[in-house]
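Encoded as structure tokens, the structure appears first; notes follow it.
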Amino acid sequence: MAVALILGISCAMCCMRKKRRRIEEKANAILKELENPKIKKTWASYLKKPEHLRSTIVECPICLGEFEGEQEILELHCHKNHVFHFACLESYLRRLSEGNAVKAK
């Protein structure tokens, strides 16, 4: 019984390490994409998009700060509501890629 419990715990820990490595690899891949200056927009230029293509949110889900004028933002292509301050997303991904605990600022 004790052996099965120990094996179960070690298996769970191994699975968690593998999952963390996959998350770190994905974060590193996205960070490489962030190096492309063409993906950054300002909030003011984002608001020029047709309304039906824009997000309805007006604040960064990472820092909860409102988007303003010339702040650099990034809209992920997976969903129109995935809009972040560029610096917040970059910082979040760096912490994630380093395996640190992920918490909002």
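Please find the FRET efficiency linking GLU98 to LEU53, where r is the Cβ-Cβ separation and R0 is fixed at 25 Å, and quote it to the nearest 0.05. Let's see the in-between values first.
Working: r = 34 Å, r/R0 = 1.37.
In this case the efficiency is close to 0.15.
What's the extension gain from LYS18 to HIS77 if we count 0.36 nm per residue and subtract their Cα-Cα distance?
Numbers: separation 59, 0.36 × 59 = 21.24 nm, distance 2.66 nm.
Roughly 18.6 nm would be gained on extension.
Below 24 Å Cα-Cα, how many Lys pairs turn up in the range 36-104? Only count pairs eight or more apart in sequence, or on different chains, if you could.
Taking the range 36-104 as the scope, the lysine pair count is 12.
Throughout, read-outs are computed from the coordinates displayed, never taken from laboratory work. What you see is a predicted model; the values in this text were computed from it and never measured. All Cβ positions, even for glycine, are placed from backbone atoms using ideal geometry, and neighbour counts span all protein chains on display.
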